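The values are calculated or read from the model by the stated rules, or taken from the named source; none is laboratory data. Here the structure is a predicted model, which is why all the values come from computation and not from measurement. Heads up, the Cβs are rebuilt from the backbone with ideal geometry, glycines too, and the neighbour counts pull from every protein chain shown. These accessible areas exclude ligands, DNA and RNA; they are computed on the full protein's heavy atoms, side chains included. Shrake-Rupley method; radii C 1.70, N 1.55, O 1.52, S 1.80 Å.
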Amino acid sequence: MKLWGGRFEEGSSEVFERFSGSLHFDRRLADADIRGSQAYARALEQVGILTAQETKQIVDAFEAMRGEIRDASFFEGAGDEDIHTLIIRKLKERAGELSDKIHTGRSRNDQVSLDIRLWLRDEIDAIHALLRDLMSALVAMARRDPQAIVPGYTHTRRAQPVLWPHYLLAYFEMFARDFERLSETRGRANVMPLGSGALAGSAFPFDRDAIARDLGFAAITRNSMDVSADRDFALDFLHAASMAMLHLSRLAEDWILYSGEEYGWLELGDGVTSGSSMMPQKKNPDSLELIRGKCGGVFGDYAALFVTMKALPMTYNRDMQEDKPRLFDAADQLRGSLEMMRVVVDSTRLNPERPADAVQTSWAVATDFADALARSGVPFHQAHKIVGRLVLESVRAKKLPADWTGEALAAFDPAFTPDMARFLRPSEGIETREIAGGTGPRAVAGAIEEAERRLAAFR
């Protein structure tokens, strides 16, 4: 069946039917469509279109369908234009001519907007749970090796020593922002569009606030034309999903490197790696590479809908049907990647000796020496030059930091005092960085506790 007709002398061509049909992807909106239609039936009763008995008959028929849509047989052989048409056809099989009243005062434009918003709310709630699981896994990993020291990098070069938990909490912060960004997206989606009609508003005096309460929305939309034209909330989600995937991809890239032989910091679990069909020794970080690879697809989903919407005239245009494949794909890829990364974190172990050795055999402590000179009264730019000369001399002489003594430092430049040799130990410099947000042990311990409190609040 079709939800339109009468004005046409001939039916649609078979090619157009195939080209324009969306049931193969929008079928996942079935539950949202049914819930929205049940609420709409109750609203129709309030304006006198349905009797109480008719409303019950329709709502009960919809409820029976809710129990059936999880079975593939519900969709078997369906040639309907979209999920909305299929649901109405199935309703007619149960409620007969009464089903013809359900679309009174409603357009597919506000119906689709409602369905996507209902679906998106549930999807964000599920993604929030996965983000919490991943952040919790990062905190648990931080607690396993609280004193481990690793090089922090800039420009992919060893820069300064940091505590391993400090590094992990940097990603916690990224994912916490993703959580907040998705919360903001949910808030923008959580407004009720029914009653907007096709673009001019409904001709029936619905209590839109009552419909919003029925469906758990925080507010109603303010302009019927905007509802018909709006996919900002979908773009907000795609932006938030893209940002989360970006952060997952950066973490994946780090750990692909850090688990390789050249670094050797991390041992990935067997359950998240794979072997080679030719090379028996290989243990490949496929799970992380797949996360990194899926990031591009989600970016593409965002770009695709962004470009689709960029020059559409007011109000609804059929181009907007293409929002759903982009939304569904991005949500699927993000959910899968978050779940996978959590398993990776749970099964990965740090080999603390390797990164500690990387710090000891480099001049990552150089800034600690410059800071020590500055605290003793040497202007920092001069301190920077003194330590730079010390590093240059060491590189030429093939001397490591541990090869210097306090007396040798003082002999190199009188600005050094023998007691500054303690900064040859990376842990000494780290302990000077107890500023809030820094890598000092007490600061990091406090940050872990704060992260756990924030996680509890997120729940």
Residue order for THR156, THR432 - accessible surface, 1.4 angstrom probe, largest first: THR156, THR432
For the chain, the fraction of alpha-carbon pairs in successive 10 Å shells from zero, as %: 4, 16, 21, 18, 14, 11, 8, 5, 2, 0, 0
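For segment 343-441, just run the numbers: alpha carbon Rg, then divide by 2.2 N^0.38 Å, N being how many residues it has.
Compared with the compact-globule rule of thumb, segment 343-441 sits at 1.22.
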Overall Cα dimensions of segment 240-317, principal axis frame, Å, largest first: 60, 25, 19
Three-way shape call for segment 188-287 based on the alpha-carbon gyration tensor, with the a/c threshold at 1.5: prolate
Segment 99-126 versus segment 240-265: alpha-carbon centroid distance in Å: 38 Å
Percent of C-alpha pairs per 5 Å bin, segment 386-441, short to long: 4, 18, 23, 23, 15, 11, 5, 1
Within segment 41-159: Cβ-based charge dipole about Cα centre, in debye rounded to nearest 20 (Lys, Arg +1; Asp, Glu -1): 800 debye
Rounded to the nearest 10 Å², the accessible area of HIS103 at probe 1.4 Å: 50 Å²
Sum of -39500 (n - 2.57) over DSSP H runs of 4+, divided by residues of the chain (222 nm, nearest 500): -20000 deg cm²/dmol
Segment 181-199 and segment 380-459: distance between their alpha carbon centers, rounded to Å: 51 Å
Top positive-direction residue, dipole computed over the chain with Cβ charges, set SER196, LEU238, ALA451: ALA451
Other-chain or far-sequence residues with amide H under 5 Å of ASN351's (modelled H): LEU266, GLU267
ILE220 long-range amide H proximity, modeled H, under 5 Å: MET192
Proximal aspartates and glutamates relative to LYS398, as straight alpha-carbon distance under 18 Å, when same-chain residues fewer than 8 apart are discounted: ASP357
Relative intensity, log₁₀ I(q)/I(0), of segment 48-152 from a Debye sum that treats every alpha carbon as a point, q = 0.19 Å⁻¹: -1.11
Segment 293-373: C-alpha gyration tensor shape, a/c 1.5 cut-off, then a/b vs b/c: oblate
Calculated P(r) tail over 22 Å for segment 111-253, as whole % of Cα pairs: 53 percent
Selection from THR55, GLY438, ILE34 lying farthest towards where the dipole of the chain points positive, charges on Cβ: GLY438
Extended-chain gain in nm, criterion 0.36 nm per residue less alpha-carbon gap, ALA408 and ALA126: 95.5 nm
Around MET420: net Lys/Arg minus Asp/Glu count, Cβ-Cβ under 13 Å: -3
Per-peptide average of other Cβ atoms within 10 Å, ordering 325-335, 46-56 highest first: 325-335, 46-56
Rel. contact order, % - alpha carbon contacts under 8 angstrom, at least six apart, segment 189-345: 25 percent
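Work through the residues other than MET141 whose Cβ is under 10 Å from its Cβ and net out their charges, Lys, Arg +1 and Asp, Glu -1. Write down the numbers at each step before the final one.
Numbers: positive: ARG143, ARG144, ARG349; negative: ASP145, ASP346.
That works out to +1.
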Evaluated over segment 228-373, the Cα radius of gyration and Dmax, each in Å: 21.2, 68
